[in-house]
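Okay, structure first, notes after.
The values are calculated or read from the model by the stated rules, or taken from the named source; none is laboratory data. In this text the structure is predicted, and so the values were computed from the model without any measurement. Please note: Cβ atoms are built from the backbone with ideal geometry, for glycine as well, and neighbour counts cover all protein chains shown.
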Amino acid sequence: MSLSRRLAVYLVLLHLLFGSVAFVLLWRQRVWLLAVEAVSAVSLLAGFGLLRRLQRDLAPLEEAPRLLAEGELTTRFRPVGQPEVDRLVELYNRMADALREERTRNREQQSLLARILDASPSGVVILDFEGRISYSNPAAARLVGAAAPGSGDALLGLRPGELQSPLAGPLAAVMPGEVAVVALSGARRVRLQRGSFLDRGFTRGFVLLEELTEELRQSEKAAYEKLVRMMSHEVGNTVGAGRSLLESCLAYAKALPASDRGTFAEALGVVISRLGQLQEFTSGFAEVVRLPRPRLADCDLGVVVQVVATLLRPSAAAASIDLRVEREEPAPPPVLADRTLIEQALVNVGKNAVEAAGAGGCVVLRLGGRGGRATIEVEDTGPGIPPEVAAQLFTPFFSTKEKGQGLGLTLVQEVLRQHGCEFALDGPPGGPTRFRIVFPPAR
(Lines give C-alpha, C1' and ligand atoms only; values in the text may rest on other atoms or scores of the structure.)
Protein backbone atom coordinates (compact mmCIF):
# COMPACT_ATOMS: atom_id res chain seq x y z
CA MET A 1 0.00 0.00 0.00
CA SER A 2 1.34 3.41 -0.97
CA LEU A 3 2.11 6.16 1.54
CA SER A 4 -0.82 8.34 0.36
CA ARG A 5 -3.28 5.52 0.84
CA ARG A 6 -1.96 4.76 4.30
CA LEU A 7 -2.34 8.46 5.22
CA ALA A 8 -5.90 8.48 3.86
CA VAL A 9 -6.84 5.41 5.92
CA TYR A 10 -5.20 7.00 8.96
CA LEU A 11 -7.25 10.20 8.55
CA VAL A 12 -10.52 8.29 8.15
CA LEU A 13 -9.87 6.03 11.16
CA LEU A 14 -8.75 8.97 13.30
CA HIS A 15 -11.87 11.00 12.52
CA LEU A 16 -14.11 7.98 12.98
CA LEU A 17 -12.59 7.43 16.40
CA PHE A 18 -12.95 11.13 17.24
CA GLY A 19 -16.60 11.12 16.08
CA SER A 20 -17.41 7.98 18.04
CA VAL A 21 -15.97 9.42 21.26
CA ALA A 22 -17.86 12.68 20.69
CA PHE A 23 -21.11 10.79 20.09
CA VAL A 24 -20.72 8.79 23.31
CA LEU A 25 -19.88 11.84 25.35
CA LEU A 26 -22.30 14.37 23.79
CA TRP A 27 -25.23 12.31 22.52
CA ARG A 28 -27.60 14.08 25.01
CA GLN A 29 -26.27 17.51 24.08
CA ARG A 30 -27.36 17.56 20.48
CA VAL A 31 -26.14 21.07 19.70
CA TRP A 32 -22.60 20.37 20.86
CA LEU A 33 -22.64 17.01 19.16
CA LEU A 34 -23.60 18.57 15.83
CA ALA A 35 -20.93 21.24 16.25
CA VAL A 36 -18.25 18.68 17.03
CA GLU A 37 -19.32 16.49 14.11
CA ALA A 38 -19.23 19.51 11.79
CA VAL A 39 -15.74 20.40 12.92
CA SER A 40 -14.71 16.75 12.43
CA ALA A 41 -16.12 16.74 8.89
CA VAL A 42 -14.33 19.99 8.03
CA SER A 43 -11.10 18.59 9.50
CA LEU A 44 -11.49 15.43 7.45
CA LEU A 45 -12.05 17.42 4.27
CA ALA A 46 -9.08 19.67 5.04
CA GLY A 47 -6.92 16.60 5.69
CA PHE A 48 -7.89 15.11 2.35
CA GLY A 49 -7.14 18.43 0.68
CA LEU A 50 -3.67 18.56 2.22
CA LEU A 51 -3.14 14.91 1.33
CA ARG A 52 -4.12 15.57 -2.28
CA ARG A 53 -1.79 18.55 -2.47
CA LEU A 54 1.02 16.48 -0.94
CA GLN A 55 0.31 13.77 -3.48
CA ARG A 56 0.55 16.29 -6.29
CA ASP A 57 3.78 17.78 -4.93
CA LEU A 58 5.37 14.39 -4.42
CA ALA A 59 4.31 13.02 -7.80
CA PRO A 60 7.64 13.92 -9.49
CA LEU A 61 9.61 12.17 -6.78
CA GLU A 62 7.42 9.09 -7.11
CA GLU A 63 8.35 9.00 -10.82
CA ALA A 64 12.07 9.38 -10.08
CA PRO A 65 12.77 5.69 -9.16
CA ARG A 66 11.06 4.46 -12.33
CA LEU A 67 12.98 6.90 -14.53
CA LEU A 68 16.28 5.91 -12.91
CA ALA A 69 15.48 2.20 -13.28
CA GLU A 70 14.71 2.70 -16.99
CA GLY A 71 17.84 4.80 -17.50
CA GLU A 72 15.80 7.84 -18.53
CA LEU A 73 18.01 10.74 -17.47
CA THR A 74 16.73 13.49 -19.76
CA THR A 75 13.52 14.23 -17.80
CA ARG A 76 13.57 17.29 -15.49
CA PHE A 77 11.12 18.13 -12.70
CA ARG A 78 9.89 21.67 -12.02
CA PRO A 79 9.72 23.21 -8.53
CA VAL A 80 6.27 22.87 -6.91
CA GLY A 81 6.49 25.76 -4.41
CA GLN A 82 7.16 23.61 -1.38
CA PRO A 83 10.67 24.36 -0.04
CA GLU A 84 11.27 20.83 1.23
CA VAL A 85 10.05 19.20 -1.97
CA ASP A 86 11.81 21.76 -4.17
CA ARG A 87 15.14 20.92 -2.54
CA LEU A 88 14.58 17.25 -3.37
CA VAL A 89 13.59 18.16 -6.94
CA GLU A 90 16.75 20.25 -7.36
CA LEU A 91 18.88 17.43 -5.93
CA TYR A 92 17.31 14.92 -8.31
CA ASN A 93 17.84 17.19 -11.33
CA ARG A 94 21.53 17.69 -10.46
CA MET A 95 22.01 13.96 -9.92
CA ALA A 96 20.33 13.13 -13.25
CA ASP A 97 22.54 15.66 -15.05
CA ALA A 98 25.68 14.20 -13.48
CA LEU A 99 24.63 10.62 -14.29
CA ARG A 100 23.77 11.56 -17.88
CA GLU A 101 27.12 13.28 -18.39
CA GLU A 102 28.95 10.34 -16.84
CA ARG A 103 27.07 7.87 -19.03
CA THR A 104 27.79 9.92 -22.15
CA ARG A 105 31.46 10.16 -21.22
CA ASN A 106 31.66 6.41 -20.57
CA ARG A 107 30.00 5.62 -23.89
CA GLU A 108 32.38 7.92 -25.75
CA GLN A 109 35.38 6.38 -23.99
CA GLN A 110 34.11 2.86 -24.69
CA SER A 111 33.56 3.76 -28.33
CA LEU A 112 37.08 5.20 -28.56
CA LEU A 113 38.55 2.14 -26.82
CA ALA A 114 36.64 -0.20 -29.15
CA ARG A 115 37.95 1.67 -32.21
CA ILE A 116 41.51 1.59 -30.86
CA LEU A 117 41.31 -2.14 -30.13
CA ASP A 118 39.82 -2.86 -33.56
CA ALA A 119 42.62 -0.94 -35.27
CA SER A 120 45.41 -2.13 -32.96
CA PRO A 121 48.02 -4.47 -34.47
CA SER A 122 48.38 -6.05 -31.02
CA GLY A 123 45.92 -8.76 -30.04
CA VAL A 124 43.83 -8.42 -26.88
CA VAL A 125 42.03 -11.37 -25.27
CA ILE A 126 39.90 -10.75 -22.15
CA LEU A 127 38.77 -13.64 -19.98
CA ASP A 128 35.61 -13.86 -17.87
CA PHE A 129 35.44 -15.03 -14.26
CA GLU A 130 35.52 -18.68 -15.39
CA GLY A 131 38.58 -18.25 -17.61
CA ARG A 132 36.65 -18.25 -20.89
CA ILE A 133 37.24 -15.68 -23.63
CA SER A 134 34.67 -12.90 -23.34
CA TYR A 135 36.32 -10.47 -25.78
CA SER A 136 38.97 -10.61 -28.50
CA ASN A 137 39.87 -7.98 -31.06
CA PRO A 138 40.49 -8.72 -34.77
CA ALA A 139 44.27 -8.76 -34.28
CA ALA A 140 43.94 -11.53 -31.68
CA ALA A 141 41.83 -13.60 -34.08
CA ARG A 142 44.40 -13.04 -36.83
CA LEU A 143 47.35 -14.04 -34.64
CA VAL A 144 45.54 -17.09 -33.26
CA GLY A 145 44.41 -17.99 -36.77
CA ALA A 146 40.86 -18.82 -35.66
CA ALA A 147 38.95 -16.35 -37.81
CA ALA A 148 39.18 -14.18 -40.86
CA PRO A 149 40.64 -10.69 -40.36
CA GLY A 150 38.11 -8.26 -38.97
CA SER A 151 36.35 -10.69 -36.69
CA GLY A 152 37.12 -11.93 -33.19
CA ASP A 153 33.78 -13.61 -32.50
CA ALA A 154 35.09 -17.09 -33.30
CA LEU A 155 37.06 -17.10 -30.03
CA LEU A 156 34.21 -16.12 -27.70
CA GLY A 157 33.17 -18.63 -25.06
CA LEU A 158 36.24 -20.83 -25.46
CA ARG A 159 39.00 -21.43 -22.97
CA PRO A 160 42.47 -20.58 -24.32
CA GLY A 161 43.47 -24.25 -24.25
CA GLU A 162 40.45 -25.18 -26.40
CA LEU A 163 41.51 -23.04 -29.36
CA GLN A 164 42.42 -24.84 -32.58
CA SER A 165 45.71 -22.99 -32.85
CA PRO A 166 49.43 -23.50 -32.11
CA LEU A 167 49.01 -20.69 -29.57
CA ALA A 168 46.43 -22.63 -27.54
CA GLY A 169 48.97 -24.29 -25.24
CA PRO A 170 51.08 -21.17 -24.58
CA LEU A 171 47.96 -19.05 -24.02
CA ALA A 172 46.70 -21.50 -21.41
CA ALA A 173 50.12 -21.90 -19.78
CA VAL A 174 51.20 -18.27 -19.41
CA MET A 175 50.60 -17.10 -15.84
CA PRO A 176 49.56 -13.63 -14.59
CA GLY A 177 52.53 -11.27 -14.74
CA GLU A 178 54.50 -13.56 -17.06
CA VAL A 179 55.81 -12.76 -20.55
CA ALA A 180 56.51 -15.50 -23.10
CA VAL A 181 57.77 -15.47 -26.70
CA VAL A 182 56.33 -18.31 -28.80
CA ALA A 183 57.91 -19.54 -32.04
CA LEU A 184 55.43 -20.46 -34.78
CA SER A 185 55.86 -21.82 -38.28
CA GLY A 186 57.26 -19.61 -41.00
CA ALA A 187 59.74 -17.84 -38.68
CA ARG A 188 56.88 -16.15 -36.84
CA ARG A 189 57.35 -15.06 -33.23
CA VAL A 190 54.47 -13.96 -30.98
CA ARG A 191 54.92 -12.31 -27.60
CA LEU A 192 52.34 -13.18 -24.92
CA GLN A 193 51.83 -11.14 -21.75
CA ARG A 194 49.26 -12.13 -19.11
CA GLY A 195 47.75 -9.55 -16.76
CA SER A 196 44.76 -9.12 -14.47
CA PHE A 197 42.24 -6.45 -13.44
CA LEU A 198 39.37 -6.04 -11.00
CA ASP A 199 35.77 -6.27 -12.18
CA ARG A 200 33.13 -5.62 -9.49
CA GLY A 201 35.64 -6.62 -6.85
CA PHE A 202 36.68 -9.90 -8.51
CA THR A 203 39.84 -10.66 -10.50
CA ARG A 204 39.69 -11.25 -14.24
CA GLY A 205 42.52 -11.94 -16.65
CA PHE A 206 43.63 -10.68 -20.04
CA VAL A 207 46.37 -11.60 -22.49
CA LEU A 208 48.20 -9.27 -24.88
CA LEU A 209 49.51 -10.81 -28.11
CA GLU A 210 52.11 -9.02 -30.20
CA GLU A 211 53.67 -10.09 -33.49
CA LEU A 212 57.45 -9.79 -33.12
CA THR A 213 58.48 -11.49 -36.35
CA GLU A 214 59.51 -8.45 -38.36
CA GLU A 215 60.99 -6.62 -35.39
CA LEU A 216 63.13 -9.61 -34.41
CA ARG A 217 64.10 -10.27 -38.01
CA GLN A 218 65.32 -6.71 -38.52
CA SER A 219 67.21 -6.80 -35.21
CA GLU A 220 68.80 -10.16 -36.03
CA LYS A 221 69.61 -9.04 -39.57
CA ALA A 222 71.34 -5.86 -38.38
CA ALA A 223 73.36 -7.88 -35.85
CA TYR A 224 74.54 -10.64 -38.18
CA GLU A 225 75.21 -8.22 -41.06
CA LYS A 226 77.56 -6.21 -38.84
CA LEU A 227 79.22 -9.39 -37.58
CA VAL A 228 79.61 -10.90 -41.05
CA ARG A 229 81.04 -7.70 -42.55
CA MET A 230 83.59 -7.38 -39.79
CA MET A 231 84.46 -11.09 -39.93
CA SER A 232 84.75 -11.10 -43.73
CA HIS A 233 86.98 -8.03 -43.68
CA GLU A 234 89.35 -9.37 -41.03
CA VAL A 235 89.44 -12.95 -42.33
CA GLY A 236 89.78 -11.80 -45.95
CA ASN A 237 92.74 -9.55 -45.18
CA THR A 238 94.46 -12.15 -43.02
CA VAL A 239 93.83 -15.08 -45.37
CA GLY A 240 94.89 -13.13 -48.46
CA ALA A 241 98.15 -11.99 -46.93
CA GLY A 242 98.84 -15.37 -45.35
CA ARG A 243 98.26 -17.34 -48.58
CA SER A 244 100.51 -14.95 -50.48
CA LEU A 245 103.33 -15.43 -48.00
CA LEU A 246 102.91 -19.19 -47.92
CA GLU A 247 102.88 -19.47 -51.71
CA SER A 248 106.09 -17.39 -51.75
CA CYS A 249 107.63 -19.76 -49.23
CA LEU A 250 106.97 -22.71 -51.58
CA ALA A 251 109.57 -21.23 -53.90
CA TYR A 252 112.20 -21.93 -51.27
CA ALA A 253 111.41 -25.64 -51.24
CA LYS A 254 114.08 -26.24 -53.89
CA ALA A 255 116.74 -24.91 -51.50
CA LEU A 256 115.94 -27.62 -48.96
CA PRO A 257 117.48 -31.06 -48.89
CA ALA A 258 115.56 -33.61 -50.94
CA SER A 259 114.60 -35.51 -47.79
CA ASP A 260 112.82 -32.46 -46.31
CA ARG A 261 111.51 -30.92 -49.51
CA GLY A 262 108.43 -33.12 -49.84
CA THR A 263 107.33 -32.70 -46.23
CA PHE A 264 107.82 -28.94 -46.42
CA ALA A 265 105.81 -28.57 -49.61
CA GLU A 266 103.05 -30.86 -48.31
CA ALA A 267 102.71 -28.94 -45.06
CA LEU A 268 102.49 -25.59 -46.82
CA GLY A 269 99.99 -27.04 -49.30
CA VAL A 270 97.73 -28.22 -46.47
CA VAL A 271 97.83 -24.80 -44.79
CA ILE A 272 97.14 -22.99 -48.07
CA SER A 273 94.22 -25.36 -48.74
CA ARG A 274 92.79 -24.78 -45.27
CA LEU A 275 93.06 -21.03 -45.71
CA GLY A 276 91.15 -21.35 -48.98
CA GLN A 277 88.44 -23.33 -47.21
CA LEU A 278 88.28 -20.69 -44.49
CA GLN A 279 87.84 -17.98 -47.10
CA GLU A 280 85.13 -20.01 -48.81
CA PHE A 281 83.42 -20.60 -45.46
CA THR A 282 83.44 -16.86 -44.72
CA SER A 283 82.11 -16.10 -48.19
CA GLY A 284 79.09 -18.24 -47.41
CA PHE A 285 78.18 -15.85 -44.61
CA ALA A 286 78.81 -12.82 -46.79
CA GLU A 287 76.36 -14.17 -49.39
CA VAL A 288 73.42 -13.41 -47.13
CA VAL A 289 74.64 -9.87 -46.43
CA ARG A 290 75.28 -9.18 -50.12
CA LEU A 291 71.93 -10.59 -51.21
CA PRO A 292 70.79 -8.31 -54.07
CA ARG A 293 67.40 -6.68 -54.34
CA PRO A 294 65.08 -8.83 -56.47
CA ARG A 295 64.58 -7.73 -60.07
CA LEU A 296 60.92 -8.56 -60.56
CA ALA A 297 59.78 -9.85 -63.93
CA ASP A 298 57.27 -12.35 -65.30
CA CYS A 299 58.34 -15.71 -63.95
CA ASP A 300 57.15 -19.18 -64.98
CA LEU A 301 57.21 -21.17 -61.73
CA GLY A 302 56.79 -24.41 -63.66
CA VAL A 303 60.16 -23.86 -65.30
CA VAL A 304 61.69 -22.87 -61.95
CA VAL A 305 60.50 -26.08 -60.28
CA GLN A 306 61.81 -28.22 -63.16
CA VAL A 307 65.23 -26.53 -62.97
CA VAL A 308 65.40 -27.05 -59.20
CA ALA A 309 64.41 -30.71 -59.60
CA THR A 310 67.15 -31.19 -62.20
CA LEU A 311 69.73 -29.70 -59.82
CA LEU A 312 68.60 -31.92 -56.93
CA ARG A 313 68.31 -35.24 -58.81
CA PRO A 314 71.99 -36.26 -58.62
CA SER A 315 72.15 -35.93 -54.81
CA ALA A 316 68.70 -37.54 -54.47
CA ALA A 317 69.69 -40.48 -56.67
CA ALA A 318 72.93 -40.95 -54.72
CA ALA A 319 70.84 -41.38 -51.55
CA SER A 320 68.21 -43.61 -53.26
CA ILE A 321 65.57 -40.91 -52.75
CA ASP A 322 62.53 -40.72 -55.00
CA LEU A 323 62.33 -37.10 -56.23
CA ARG A 324 59.03 -36.20 -57.87
CA VAL A 325 57.41 -33.08 -59.35
CA GLU A 326 53.63 -32.78 -58.97
CA ARG A 327 51.27 -30.22 -60.46
CA GLU A 328 47.95 -29.50 -58.79
CA GLU A 329 44.81 -28.00 -60.24
CA PRO A 330 44.13 -25.19 -60.74
CA ALA A 331 47.34 -24.13 -62.43
CA PRO A 332 49.32 -21.37 -60.70
CA PRO A 333 48.58 -17.82 -61.87
CA PRO A 334 51.43 -15.65 -63.25
CA VAL A 335 53.82 -14.14 -60.72
CA LEU A 336 56.43 -11.40 -60.68
CA ALA A 337 59.70 -12.67 -59.23
CA ASP A 338 63.46 -12.72 -59.58
CA ARG A 339 63.93 -16.19 -61.05
CA THR A 340 67.58 -16.49 -59.96
CA LEU A 341 66.84 -15.69 -56.32
CA ILE A 342 63.75 -17.92 -56.19
CA GLU A 343 65.74 -20.83 -57.67
CA GLN A 344 68.50 -20.24 -55.13
CA ALA A 345 66.01 -20.29 -52.24
CA LEU A 346 64.26 -23.44 -53.53
CA VAL A 347 67.58 -25.25 -53.98
CA ASN A 348 68.39 -24.53 -50.32
CA VAL A 349 65.00 -25.85 -49.22
CA GLY A 350 65.30 -28.87 -51.54
CA LYS A 351 68.76 -29.80 -50.23
CA ASN A 352 67.43 -29.75 -46.67
CA ALA A 353 64.50 -31.97 -47.75
CA VAL A 354 66.82 -34.48 -49.46
CA GLU A 355 69.04 -34.67 -46.38
CA ALA A 356 66.02 -35.03 -44.06
CA ALA A 357 64.27 -37.70 -46.16
CA GLY A 358 67.15 -40.15 -45.76
CA ALA A 359 67.95 -43.22 -47.82
CA GLY A 360 64.87 -44.70 -49.48
CA GLY A 361 62.74 -41.66 -48.72
CA CYS A 362 60.74 -39.39 -50.98
CA VAL A 363 60.85 -35.67 -51.81
CA VAL A 364 58.00 -33.98 -53.68
CA LEU A 365 58.11 -30.57 -55.38
CA ARG A 366 54.45 -29.58 -55.65
CA LEU A 367 53.22 -26.65 -57.74
CA GLY A 368 49.67 -25.32 -57.68
CA GLY A 369 47.36 -22.36 -57.40
CA ARG A 370 45.03 -21.89 -54.44
CA GLY A 371 42.77 -18.91 -53.87
CA GLY A 372 44.13 -17.20 -56.96
CA ARG A 373 47.73 -17.34 -55.68
CA ALA A 374 50.63 -19.50 -56.84
CA THR A 375 51.98 -22.00 -54.31
CA ILE A 376 55.05 -24.22 -54.12
CA GLU A 377 55.45 -27.00 -51.57
CA VAL A 378 58.59 -28.98 -50.84
CA GLU A 379 57.62 -32.11 -48.91
CA ASP A 380 59.86 -34.86 -47.56
CA THR A 381 59.16 -38.13 -45.74
CA GLY A 382 61.69 -37.48 -43.00
CA PRO A 383 61.02 -37.92 -39.28
CA GLY A 384 59.73 -34.38 -38.79
CA ILE A 385 61.15 -31.52 -36.76
CA PRO A 386 61.71 -31.91 -32.99
CA PRO A 387 59.97 -29.18 -30.94
CA GLU A 388 63.26 -27.86 -29.55
CA VAL A 389 64.57 -27.45 -33.11
CA ALA A 390 61.32 -25.94 -34.44
CA ALA A 391 61.66 -23.09 -31.95
CA GLN A 392 65.09 -22.18 -33.40
CA LEU A 393 64.32 -22.41 -37.12
CA PHE A 394 65.18 -19.32 -39.18
CA THR A 395 67.46 -18.13 -36.38
CA PRO A 396 70.80 -16.97 -37.85
CA PHE A 397 73.77 -19.31 -37.18
CA PHE A 398 71.52 -22.10 -35.81
CA SER A 399 72.05 -25.45 -37.51
CA THR A 400 71.54 -29.11 -36.66
CA LYS A 401 74.22 -30.15 -39.14
CA GLU A 402 77.70 -30.89 -37.85
CA LYS A 403 79.35 -28.50 -40.32
CA GLY A 404 76.37 -26.27 -41.00
CA GLN A 405 76.69 -22.50 -40.96
CA GLY A 406 73.08 -21.91 -39.95
CA LEU A 407 72.42 -19.39 -42.72
CA GLY A 408 70.57 -21.53 -45.28
CA LEU A 409 67.06 -20.82 -43.96
CA THR A 410 68.09 -17.25 -43.16
CA LEU A 411 68.91 -16.72 -46.84
CA VAL A 412 65.63 -18.39 -47.86
CA GLN A 413 63.72 -16.15 -45.46
CA GLU A 414 65.34 -12.99 -46.85
CA VAL A 415 64.60 -13.95 -50.45
CA LEU A 416 60.96 -14.82 -49.77
CA ARG A 417 60.29 -11.73 -47.66
CA GLN A 418 61.80 -9.49 -50.33
CA HIS A 419 59.30 -11.04 -52.76
CA GLY A 420 56.38 -10.53 -50.37
CA CYS A 421 55.77 -14.26 -50.08
CA GLU A 422 54.07 -16.00 -47.19
CA PHE A 423 55.84 -19.16 -46.06
CA ALA A 424 55.66 -21.82 -43.37
CA LEU A 425 57.77 -24.80 -42.37
CA ASP A 426 55.81 -27.53 -40.58
CA GLY A 427 57.16 -30.91 -39.55
CA PRO A 428 55.11 -32.78 -36.93
CA PRO A 429 56.83 -35.71 -35.20
CA GLY A 430 56.86 -38.65 -37.61
CA GLY A 431 56.60 -36.35 -40.64
CA PRO A 432 56.00 -35.41 -43.32
CA THR A 433 57.80 -32.07 -43.32
CA ARG A 434 56.43 -29.38 -45.64
CA PHE A 435 57.89 -26.04 -46.64
CA ARG A 436 55.03 -24.09 -48.21
CA ILE A 437 55.46 -20.86 -50.16
CA VAL A 438 52.55 -18.65 -51.25
CA PHE A 439 53.38 -15.96 -53.81
CA PRO A 440 51.64 -12.58 -53.85
CA PRO A 441 49.30 -11.97 -56.80
CA ALA A 442 50.93 -10.27 -59.77
CA ARG A 443 49.93 -6.61 -59.99
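Exactly one residue among 80, 89 is more than 27 Å from the chain's Cα centre (by Cα), β-branched (Val, Ile, Thr), in a helix (DSSP H, G or I) and not assigned by TED's automatic domain parsing to the domain that holds residue 174, and that residue is 89. Only one of the listed residues (46, 64) is in contact with a Phe, Trp or Tyr (Cβ under 6 Å, 6 or more places away or on another chain) and at pLDDT 75 or above. That residue is 64. Given the criteria within 14 Å of the chain's Cα centre (by Cα) and modelled with pLDDT of 90 or more, does residue 194 qualify? Judged against the criteria, residue 194 is a match. Just to verify a result, which residue in segment 267-279, among those that are modelled with pLDDT of 70 or more and within 55 Å of the chain's Cα centre (by Cα), is surrounded by the most Cβ atoms within 10 Å (Cβ to Cβ)? Among them, the one singled out is 272.
Here's the yes/no breakdown for (1) out of contact with any Lys or Arg (no Cβ under 7 Å at 6 or more places or on another chain); (2) assigned to a helix (DSSP H, G or I); (3) of a type in the set (Gly, Ala, Ser); (4) at pLDDT 70 or above:
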site	(1), (2), (3), (4)
234	yes, yes, no, no
242	yes, yes, yes, yes
250	yes, yes, no, yes
265	yes, yes, yes, yes
281	yes, yes, no, no
286	yes, yes, yes, no
306	yes, yes, no, yes
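Answer with yes or no whether residue 341 is in a helix (DSSP H, G or I), modelled with pLDDT under 90, buried (at least 18 other Cβ atoms within 10 Å of the Cβ) and hydrophobic (A, V, I, L, M, F, W, C). Yes, satisfied. Taken over segment 419-440, residues that are in a loop (DSSP other than H, G, I, E, B) and touching a strand residue (DSSP E or B) at 6+ places or on another chain (Cβ under 6 Å) amount to 5.
In this structure, is residue 96 touching a Ser or Thr at 6+ places or on another chain (Cβ under 8 Å) and farther than 27 Å from residue 203 by Cβ? Taking the combined requirement at face value, the residue satisfies it.
Could you please let me know if residue 123 is at pLDDT 85 or above, over 30 Å from residue 52 (Cα atoms) and surrounded by 13 or more Cβ atoms within 10 Å (Cβ to Cβ)?
Criteria met by residue 123.
Report, by residue number, each residue of segment 311-338 that is in a strand (DSSP E or B) and under 19 Å from residue 422 (Cβ atoms). 335, 336, 337, listed by residue number. Taking segment 63-88 as the range and being farther than 17 Å from residue 53 by Cβ, among the polar types (S, T, N, Q) and in contact (Cβ under 8 Å) with a residue 24 or more places away in the chain as the test, only 74 passes.
When the residues of segment 1-43 are filtered to those that are among the hydroxyl-bearing types (Ser, Thr, Tyr) and at pLDDT below 70, the one that is farthest from residue 84 (Cα to Cα) is 2. Within segment 142-191, the set of residues being at pLDDT 80 or above, among the basic types (Lys, Arg) and outside any loop (DSSP other than H, G, I, E, B) comprises 142, 191. The condition of being under 20 Å from residue 384 (Cα atoms), without any contact (Cβ under 8 Å) to a residue 60 or more places away in the chain and exposed (fewer than 13 other Cβ atoms within 10 Å of the Cβ) holds for only one of 371, 360, 350, that being 360. Within segment 153-182, restricting attention to residues that are touching a helix residue (DSSP H, G or I) at 6+ places or on another chain (Cβ under 6 Å) and not hydrophobic (A, V, I, L, M, F, W, C), the residue that is surrounded by the most Cβ atoms within 10 Å (Cβ to Cβ) is 160.
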